[in-house]
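Structure first, then comments.
Each reported figure results from applying straightforward, stated rules to the coordinates on display, with no laboratory input. Remember, predicted model here, so these are calculated numbers, not experimental data. Cβ sites come from the backbone with ideal geometry, for glycine too, and all protein chains shown count toward neighbours.
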Amino acid sequence: MHDRQFDTLEETDRLITSFMKTRKWRKIVEIGQELAPTERSRYLWAWPTEQDVERIGEVLGRLEVKSIASVGCGSGLLEWIVSCAYDTITFRGIEIDEDWWSSKYAPISYIPLKFMHGSGRGLLQELTDATDGLMFCYFNNGDAFTQYVEAFKGRYVIIVGPRSDRGVHTNPLPMAPGDSFLERWQLLEHFDLGSENINCVAVYQCKKTEDQ
Ligand SMILES: C[S@@+](CC[C@H](N)C(=O)[O-])C[C@H]1O[C@@H](n2cnc3c(N)ncnc32)[C@H](O)[C@@H]1O
């Protein structure tokens, strides 16, 4: 990987937006590979390679996952890239702090956002209603993770983040999401993501209960 210093952040924003308009997701993935590490996380904490996007599409296609609620999606760029590459897959982003995301300082949102106002299981069910998958990418709130998962009625939870031994922490970690989560969800697939040898994707399926 060779870091390319784009002239300005505005130049990078402009390039990404113009490739978005022309639906050239591969070009956006290329930009991610060329950005300096400090700039990369401005857009996305886990930048995929082209092959990773294809792998995600293949797995989601095989599992017939068509709609995903991505909790804490940030800019939603990873989600946009996947939905651009595979137009059968749609994402809705869930974020907190609508004031921030509506402000002129916030990054561009690449997917439609819904906001978490207040708390309670009913609200979380509404936010994640009618989706096949619940995704967390570099999420960092273990209690909120538990609440979203408990309210979720779909079959798959997708966790993107660092592998457990890489000295980077998220909550949940894809390969160590916690014992109470593993009581109800079983690991179905996992694969590396990105060229840094840090991140991975873990796909969990809801375990069948006696009444299913
Ligand atoms: C480290 S960022 C990751 C952003 C993006 N997924 C990425 O990988 O680039 C974590 C995000 O989770 C959001 N977040 C934290 N708690 C949340 C909650 N309870 N519900 C929804 N979003 C939340 C934060 O606002 C932040 O945008």
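Simple spin-label estimate for Val168 and Phe191 gives 1.9 nm between the two label positions (7 Å along the Cα-to-Cβ direction from each Cα).
Reducing the stretch 1-79 and the stretch 109-139 to their Cα centroids gives an inter-centroid distance of 21 Å. Before anything else, pin down the relative contact order of the stretch 45-206: Cα pairs under 8 Å, at least 6 apart, normalised by residue count, whole percent. Normalised by residue count, the contact order of the stretch 45-206 is 21 percent. With semi-axes defined as the square roots of five times the eigenvalues of the C-alpha gyration tensor, the equivalent ellipsoid of the stretch 42-125 measures 24, 17, 9 Å, largest first.
Counting Lys +1, Arg +1, Asp -1, Glu -1, what net charge surrounds Phe19 among other residues with beta carbon under 12 Å of its beta carbon? Computed value for this residue: +4.
Annotation note: trypsin sites (Lys or Arg not before Pro) in the stretch 29-112 located in DSSP loop regions with a Cβ neighbour count of at most 11 within 10 Å are Lys104.
In the chain, the DSSP beta bridges split such that about 45 percent are antiparallel, to the nearest 5. Residues of the stretch 168-212 falling in the label zone of Glu58, defined by backbone nitrogen less than 15 Å from a point 7 Å along Cα to beta-carbon, are 189-194, 201. The modelled label-to-label distance for the pair Glu10/Lys207, using points 7 Å beyond Cα in the direction of Cβ, is 5.5 nm. Once you list every other residue whose beta carbon is under 15 Å from the beta carbon of Ser70, what net charge do they have if Lys and Arg are +1 and Asp and Glu are -1? Net charge in that neighbourhood comes out at -1. Starting from one equal scatterer on each C-alpha and no solvent at all, send me the Debye-based log10 I(q)/I(0) for the chain at q = 0.07, 0.14 Å⁻¹, two decimals. Debye curve over Cα of the chain, log10 I(q)/I(0) at q = 0.07, 0.14 Å⁻¹: -0.20, -0.84. For Pro177, the shell of other residues with beta-carbons less than 15 Å away shows a net charge of -2, using +1 for Lys and Arg and -1 for Asp and Glu. For the chain, the Cβ-based charge dipole about the Cα centre amounts to some 360 debye (Lys, Arg positive; Asp, Glu negative; other atoms uncharged). Over the chain, DSSP H runs of length four or greater, each weighted -39,500 (n - 2.57), average out per residue to a 222 nm ellipticity of -11000 deg cm²/dmol.
Within the set Lys114/Lys153; Lys24/Lys114; Lys66/Lys153, which residue pairs have Cα atoms separated by over 20 Å? Check vs 20 Å cut-off fails for Lys24/Lys114. Between Lys114 and Arg184, full extension at 0.36 nm per residue minus the direct alpha carbon distance yields a gain of 22.6 nm.
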